[in-house]
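Structure incoming, see below.
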Amino acid sequence: MNESARSNEKPCASSTESWARSSPAAPGTPLYLHIPFCQTLCPYCDFYSVLGAGRDSAALVEALLEDARRHAPRAPRSVYLGGGTPTFLPPADLARLLDGLQELTGFRSSAAEVSAECNPESLTPETARALVAGGVTRLSLGLQSLRDDILAFLGRPHNRAQALAAYAVARAAGPRSVGFDLIFAVPGLSQEAWAADLAEALALGPDHLSAYALTWEEGTALNARRGSPGHYPAPDDVELEQLWATRSLAACAGLAPYEVSNFARSGHECSHNINYWMNGDYIGLGPSAVSHLGARRWGQPRDLATWRTQLAGAPAQLSATQAAEATEARRVLGHSESAAAPGGAAAAEAPAPAWEERLAPGARLGESWWLGLRLTRGVDPGALRRSVGLPAAEDHCLPIARRLVADGLLEQRSSRLCLTDRGLPLADAVGREFLAP
Ligand code: SF4
């Protein structure tokens, strides 16, 4: 099936009725699906994932489609298959997922961008073809490195040869965009080695690059090894040097920065992720997925069995761990309000979320600054304030922004405020200044 054929497809009437019964989201709302299966569990990862071997992929797909029937918006303008490892699913199950999603949402005629995360160890030509034939326009490869020693340190199940082969497979499938993720500031990765690794990867000719410094997240296996031989975070000056090398080499390869860690050829920026950084609305399906509509944010259970039990209609209790995670997520974001409301009459058939919060206008404004400053174009203070309905007199963010300008961390460009070169490496800390205490 080619692009023009897909663009003529419409959602069938019965599917639209099904959607209309329960989705709380407006037509067009971006849609995320979380596929939690992975071949191995990488020690640095803090996404929700489970070992996929022996799991029932077909049952997962049916559960995701049931979740979509209850929650997915009609005609989403972007779709993102993330994980976990979407390509852990066999091609036939991916095709079933995409066909079912089309029946429920009509995404093939509405979404300008449909992304799928792909891992080198599981991206076969059949898988790539199933994704593209099913409507995926953008393949994002989790390469992380082209060096076997770094891949081994990161606990990745693939090697350099598989990474290079996966890139060729992705290109051969013919999606509109192919990009990949790389990780720097890995212990033992010198500046010269990172520059060589990145240069070789960029020579492949990607449309998009995500390059992140290795993070040592609390609760991960990597962080538990912190301080043991070979497990020291890279010094700040090394991380900084590698960050600037990334920006320089990406620019030479024709990839412009549009976010702190993301670079693209013109027209290949990830609109789905830009919507996150703009604090826009979105619906997330699958275990651990988060949804956000206006002042309301809620999450699915971070546990496969609990999520499926809830979908099956039986009310599930949060475990102590899950409840603590939800509380911690709210604490990090600086919110104390929470509610257990099921989402109003429109969502009456849907199971209650694992956690939910309603954000006050000031909190929403602070988050919009925190996220929006990651974008190269920065934020428009007046537009952000209007988007949450706050009068100027109650805007607590402007005084903070003025202080950060005086400190040389932000600068004004036309009507927008952006990170300076000094502020860029401190993007997260600068952004958090705007979150409510
Ligand atoms: S493959 Fe990705 S999602 Fe799975 S454990 Fe590794 S980093 Fe996490």
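Restricting the stretch 140-158 to residues that are near the ligand (Cβ under 9 Å from one of its atoms) and surrounded by fewer than 23 Cβ atoms within 10 Å (Cβ to Cβ), which is nearest to ALA193 (Cα to Cα)? Can you show your working first?
So the first thing to find is which residues in the stretch 140-158 are near the ligand (Cβ under 9 Å from one of its atoms), and the list is 142, 144, 154-157.
From the residues that got through so far, the ones that are surrounded by fewer than 23 Cβ atoms within 10 Å (Cβ to Cβ) too are 154-155, 157.
Values: LEU154: 16, GLY155: 19, PRO157: 21 Å.
Once the filter is applied, the top-ranked residue is LEU154.
Can you name the condition, by its number, that ALA59 falls short on among (1) within 16 Å of the ligand (Cβ to nearest atom); (2) open to solvent by less than 40 Å² (accessible area, probe 1.4 Å)?
For ALA59, the failing item is (1).
Out of ALA166, ALA203, I need the residue that is buried (at least 18 other Cβ atoms within 10 Å of the Cβ) and at pLDDT 95 or above. Which one?
Matching residue, one of ALA166, ALA203: ALA166.
If ALA393 satisfies all but one of (1) assigned to a helix (DSSP H, G or I); (2) modelled with pLDDT of 75 or more; (3) closer than 20 Å to ARG70 by Cβ, what's the number of the condition it fails?
(3)
Among the strands (runs of 3 or more DSSP E) lying completely within the stretch 235-303, list those that include at least 2 residues that are modelled with pLDDT of 95 or more and touching an Asp or Glu at 6+ places or on another chain (Cβ under 9 Å). First the steps, then the outcome.
Numbers: elements: 256-259, 262-264, 283-285, 290-293, 296-299.
The qualifying strands (runs of 3 or more DSSP E) are 256-259, 262-264, 290-293, 296-299.
Okay, residues lined up against (1) in contact (Cβ under 8 Å) with a residue 60 or more places away in the chain; (2) over 19 Å from the mean Cα position of the chain (by Cα):
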residue	(1), (2)
ALA58	no, yes
GLY83	no, no
SER122	yes, yes
THR127	no, yes
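Can I ask one more? Take PHE37 and tell me if it is within 16 Å of the ligand (Cβ to nearest atom), open to solvent by 40 Å² or more (accessible area, probe 1.4 Å) and modelled with pLDDT of 95 or more.
Working: within 16 Å of the ligand (Cβ to nearest atom): yes; open to solvent by 40 Å² or more (accessible area, probe 1.4 Å): no; modelled with pLDDT of 95 or more: yes.
No.
Select, from LEU182, LEU189, LEU209, LEU198, the only residue that is assigned to a loop (DSSP other than H, G, I, E, B), among the aliphatic types (A, V, I, L, M) and buried (at least 18 other Cβ atoms within 10 Å of the Cβ). Reasoning before the result, please.
Numbers: LEU182 fails: assigned to a loop (DSSP other than H, G, I, E, B); LEU209 fails: assigned to a loop (DSSP other than H, G, I, E, B); LEU198 fails: assigned to a loop (DSSP other than H, G, I, E, B).
Every option except LEU189 fails the conditions.
What's the number of the only condition in (1) open to solvent by 10 Å² or more (accessible area, probe 1.4 Å); (2) in contact (Cβ under 8 Å) with a residue 24 or more places away in the chain; (3) within 16 Å of the ligand (Cβ to nearest atom) that THR137 fails to meet?
Single failed check for THR137: (3).
Yes or no: the stretch 219-227 includes at least one residue that is open to solvent by 60 Å² or more (accessible area, probe 1.4 Å), free of Cβ contacts under 8 Å to residues at least 60 places away in the same chain and out of contact with any strand residue (DSSP E or B) (no Cβ under 7 Å at 6 or more places or on another chain).
Of the residues in the stretch 219-227, the ones open to solvent by 60 Å² or more (accessible area, probe 1.4 Å) are 219, 224-226.
Next, from what is left, pick out any that are free of Cβ contacts under 8 Å to residues at least 60 places away in the same chain: 224, 226.
With out of contact with any strand residue (DSSP E or B) (no Cβ under 7 Å at 6 or more places or on another chain) added as a condition, the list becomes 224, 226.
The answer is yes; a qualifying residue exists.
Now for a different question. Looking only at the stretch 360-387, which residues are among the β-branched types (Val, Ile, Thr) and surrounded by 21 or more Cβ atoms within 10 Å (Cβ to Cβ)? Spell out how you get there, then give the answer.
Of the residues in the stretch 360-387, the ones among the β-branched types (Val, Ile, Thr) are 376, 379.
Selection gives VAL379 alone.
Which residues, counting only those in the stretch 117-134, are open to solvent by 10 Å² or more (accessible area, probe 1.4 Å), away from the ligand (no atom under 16 Å from the Cβ) and within 19 Å of SER78 (Cα to Cα)?
Once the filter is applied, which keeps residues that are open to solvent by 10 Å² or more (accessible area, probe 1.4 Å), away from the ligand (no atom under 16 Å from the Cβ) and within 19 Å of SER78 (Cα to Cα), the stretch 117-134 yields ALA130, VAL132, ALA133.
For residues that are over 20 Å from SER140 (Cβ atoms) and surrounded by 24 or more Cβ atoms within 10 Å (Cβ to Cβ), tally how many sit in the stretch 62-103. Show your work before the answer.
Here is the first cut: in the stretch 62-103, the residues over 20 Å from SER140 (Cβ atoms) are 62-63, 65-75, 92, 96, 99-100, 102-103.
Then keep just the ones that are surrounded by 24 or more Cβ atoms within 10 Å (Cβ to Cβ); that gives 67-68, 71-73.
Going through the stretch 62-103 one residue at a time, the tally reaches 5.
On to the next question. I'm checking my understanding of the structure. Among residues of the stretch 396-411 that are in contact with a helix residue (DSSP H, G or I) (Cβ under 7 Å, 6 or more places away or on another chain) and outside any helix (DSSP H, G or I), which one is surrounded by the fewest Cβ atoms within 10 Å (Cβ to Cβ)?
We begin by selecting, within the stretch 396-411, every residue in contact with a helix residue (DSSP H, G or I) (Cβ under 7 Å, 6 or more places away or on another chain); these are 396-398, 401, 404, 409-411.
Restricting the remaining residues to those that are outside any helix (DSSP H, G or I) gives 396, 409-411.
On the way: HIS396: 14, LEU409: 21, LEU410: 25, GLU411: 16.
Out of the qualifying residues, it is HIS396.
Looking at the structure I just gave you, is ALA203 hydrophobic (A, V, I, L, M, F, W, C), assigned by TED's automatic domain parsing to the domain that holds PRO76 and over 28 Å from THR215 (Cα atoms)? Steps first, answer last, please.
Numbers: hydrophobic (A, V, I, L, M, F, W, C): yes; assigned by TED's automatic domain parsing to the domain that holds PRO76: yes; over 28 Å from THR215 (Cα atoms): no.
Answer is no for this residue.
Can you tell me which residues in the stretch 40-49 are under 14 Å from GLU117 (Cα atoms) and either open to solvent by 40 Å² or more (accessible area, probe 1.4 Å) or more than 8 Å from the ligand (Cβ to nearest atom) (or both)?
Taking the stretch 40-49 as the starting set, the residues that turn out to be under 14 Å from GLU117 (Cα atoms) are 47, 49.
The answer is PHE47, and nothing else.
The values are calculated or read from the model by the stated rules, or taken from the named source; none is laboratory data. These figures come from a predicted structure and were not determined experimentally. Using ideal geometry, Cβ is built from the backbone for each residue, glycine included, and neighbour counts are taken over all protein chains shown. Note: areas computed on protein heavy atoms with side chains; ligands, DNA, RNA excluded. Shrake-Rupley method; radii C 1.70, N 1.55, O 1.52, S 1.80 Å.
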